[in-house]
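Quick notes on the structure that follows.
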Amino acid sequence: MPIETNQYFFGNSLVNFSEGGAQTNLPYWLNQLTLEAGGTYDVNGGFGFLRQFADRLEPANEWGFQGITGQWDDDTERFADQAFSQVIITPGNFIQDLAPTANYPDGNISPVDATESILATVLTDQPNAQIFVYQGWSDLAAFSETFPPSESSIERYYDYNQEDYHTWFVDYVDTLNASTPDANITLIPVAPVLASLLEEGGPLAAISTTELFTDSAPHGTETTYFLASLITYQATNGEPAPASFDVPANIHPLVAENYTELLDYIEVQTTNYMDMVVPTPELEPETPVEETPEEETVDETPEEPIIAPEAAPPPEVTPDPAPLPAPEAEVVSPPEPELAPEDTPELEGSLEAERAPALEVPPASDTNLEPPAEPETETETETETETETETETETEMWRGQELEQGVTVADMMAAEALYCTPEQIAEAEAFYAAEQSGDLGFPTVPMSTFYAQESPYNDSEEDESAPLSASLKTIVTDIL
């Protein structure tokens, strides 16, 4: 199915460096890649910092790009009148010396506070949009007073982008997902993936600093924004950019020579860094079940399945001994030389409007609410002397598996209706209702290849899902 993307950026010059030319920006390249894949791409956006975005009554519509017609005409329509499929927020790249929950040095709110205000607008005006946070590369001036920097300085810079700088963004997104669970924010890890490409030993290590950046901000060249677009395409579409794309001559030749290999590398690295973020909301309180003291000791540990992630986390990042960038306060007025023609600040802050796409909960079909008949669990050896307490705590079965203590078939039906499509539920019912093979001991109805073909980061508008608790979500995915 062709990709149809309509994005809004709360951005800065790490997304759109308008002074660098028509191709030193992300949207130009995202449009080229999407067209090559047979899809459509539209984009609107504006410059600012998180606090500025939070203070505006409505997001700004300031951008225009070669070959792209933005859908939003703010002369006649409001932000809420649009139907953006994705909203992307870009925090500043110089505020990571303090925790995301710490107040700005010159203010009484934190980056998280400002972003929560942005999210309130986005979730109200764009309830069906996926929300992302764009992690642009960090401030280079904190590592070198001169440009270009020394080899040792640039290596420390690349290390920082993959370690402490990335950790700040993971904490930032996790905190927002906990405080605003409806946002379900996804991180676009441009900084760490880009750094891994360019560091010593990386596939693009031979590209010099001056071929990537033009100053210490650092603003990028066409090559840098093209590489950032490949990472963003992977993160927002759940699949690599098209391998058939003809890399133009103004991009560094090393990129063109290794293009298909770079797509594979970016897919793996982007997925690994995205997996570090846990966008799962907290579980709703479960109805307590009365148990004997012995069973309470064994089973009353709901915390572990709640905090356990669905998939194995990527390797832990080793702390970098390199010094962190010096504290730098994000200013509300646009003082930076990288200002866009619209007289709005570019580099420092991005769109503090937290990314958290509000996902529509697909209506549960009446045909999907009936679970298959449960097998009898009582055996001939069971006696009639079992107490009512033992009966109440007997483990229930669903889809051929024992349910966790405190989880009922009704819970699983509700979770399945929220998390799975009607087609998936129908396939599961057909699978577990099928007769068992005498030789194999399990149903022989073939299951769908849906999960093998689709990425967990590629929710289409027809297949959006509501967030589940980690406990119920793990059970459902194990079964389906």
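Taken over the stretch 180-192, the criterion of being open to solvent by 10 Å² or more (accessible area, probe 1.4 Å) and either in a loop (DSSP other than H, G, I, E, B) or in contact with an Asp or Glu (Cβ under 6 Å, 6 or more places away or on another chain) (or both) is satisfied by 180, 184. For the structure I just gave you, tell me whether residue 91 is assigned to a loop (DSSP other than H, G, I, E, B) and over 25 Å from residue 139 (Cα atoms). Judged against the criteria, residue 91 is not a match. Taken over the stretch 245-272, residues that are of a type in the set (Phe, Trp, Tyr) and under 17 Å from residue 203 (Cα atoms) amount to 2. Scanning the stretch 57-66 for residues that are of a type in the set (A, V, I, L, M, F, W, C) and open to solvent by 30 Å² or more (accessible area, probe 1.4 Å) gives a single hit, 57. Tallying residues that are small (Gly, Ala, Ser) and either out of contact with any helix residue (DSSP H, G or I) (no Cβ under 8 Å at 6 or more places or on another chain) or buried (at least 22 other Cβ atoms within 10 Å of the Cβ) (or both) within the stretch 82-97 yields 2. Among all residues of the stretch 243-266, there is none that is assigned to a loop (DSSP other than H, G, I, E, B), touching a residue at least 60 places away in the same chain (Cβ under 8 Å), under 30 Å from residue 176 (Cβ atoms) and of a type outside the set (Phe, Trp, Tyr). Is it the case that residue 101 is assigned to a loop (DSSP other than H, G, I, E, B), of a type outside the set (A, V, I, L, M, F, W, C) and over 20 Å from the mean Cα position of the chain (by Cα)? It is false that residue 101 is assigned to a loop (DSSP other than H, G, I, E, B), of a type outside the set (A, V, I, L, M, F, W, C) and over 20 Å from the mean Cα position of the chain (by Cα). Scanning the stretch 248-277 for residues that are among the β-branched types (Val, Ile, Thr) and touching an Asp or Glu at 6+ places or on another chain (Cβ under 9 Å) yields a total of 2.
Evaluating residue 123 against the criteria (1) closer than 26 Å to residue 27 by Cβ; (2) open to solvent by 10 Å² or more (accessible area, probe 1.4 Å); (3) not in a helix (DSSP H, G or I) leaves one unmet condition, (3). Looking across the stretch 42-81, the residues that are of a type in the set (S, T, N, Q) and either in contact with a helix residue (DSSP H, G or I) (Cβ under 8 Å, 6 or more places away or on another chain) or without any contact (Cβ under 8 Å) to a residue 24 or more places away in the chain (or both) come down to 61, 66, 76. Could you list, in sequence order, all residues of the stretch 1-30 that are open to solvent by 20 Å² or more (accessible area, probe 1.4 Å), touching a Phe, Trp or Tyr at 6+ places or on another chain (Cβ under 7 Å) and either part of a helix (DSSP H, G or I) or basic (Lys, Arg) (or both)? The one that is open to solvent by 20 Å² or more (accessible area, probe 1.4 Å), touching a Phe, Trp or Tyr at 6+ places or on another chain (Cβ under 7 Å) and either part of a helix (DSSP H, G or I) or basic (Lys, Arg) (or both): 28.
Of the numbered criteria (1) within 24 Å of residue 230 (Cα to Cα); (2) more than 23 Å from the chain's Cα centre (by Cα); (3) in a loop (DSSP other than H, G, I, E, B), the one residue 57 fails is (1).
Just a yes or no: is a residue in the stretch 100-111 touching a helix residue (DSSP H, G or I) at 6+ places or on another chain (Cβ under 6 Å), open to solvent by less than 70 Å² (accessible area, probe 1.4 Å), over 25 Å from residue 31 (Cβ atoms) and touching a residue at least 60 places away in the same chain (Cβ under 8 Å)?
Scanning the stretch 100-111 turns up at least one residue that is touching a helix residue (DSSP H, G or I) at 6+ places or on another chain (Cβ under 6 Å), open to solvent by less than 70 Å² (accessible area, probe 1.4 Å), over 25 Å from residue 31 (Cβ atoms) and touching a residue at least 60 places away in the same chain (Cβ under 8 Å).
Mind checking whether some residue in the stretch 43-56 is farther than 21 Å from residue 133 by Cβ, open to solvent by 20 Å² or more (accessible area, probe 1.4 Å) and not polar (S, T, N, Q)? Scanning the stretch 43-56, I find no residue that is farther than 21 Å from residue 133 by Cβ, open to solvent by 20 Å² or more (accessible area, probe 1.4 Å) and not polar (S, T, N, Q), so the answer is no. Total residues in the stretch 126-135 satisfying the condition of being surrounded by fewer than 24 Cβ atoms within 10 Å (Cβ to Cβ) and over 13 Å from residue 182 (Cβ atoms): the figure is 0.
The residues listed here are 167, 175; of these, the one that is in a helix (DSSP H, G or I) and buried (at least 18 other Cβ atoms within 10 Å of the Cβ) is 175.
Does residue 205 satisfy the condition of being more than 14 Å from residue 32 (Cβ to Cβ) and open to solvent by 10 Å² or more (accessible area, probe 1.4 Å)?
Working: more than 14 Å from residue 32 (Cβ to Cβ): yes; open to solvent by 10 Å² or more (accessible area, probe 1.4 Å): yes.
So residue 205 fits the description; yes.
The values are calculated or read from the model by the stated rules, or taken from the named source; none is laboratory data. Values in this document were obtained by computation on a predicted structure and should not be read as measured data. Neighbour counts run over all protein chains shown; Cβ positions are idealised from the backbone, glycine included. Each accessible area value is taken on the protein alone, full model and side chains, heavy atoms only, with ligands, DNA and RNA left out. Shrake-Rupley method; radii C 1.70, N 1.55, O 1.52, S 1.80 Å.
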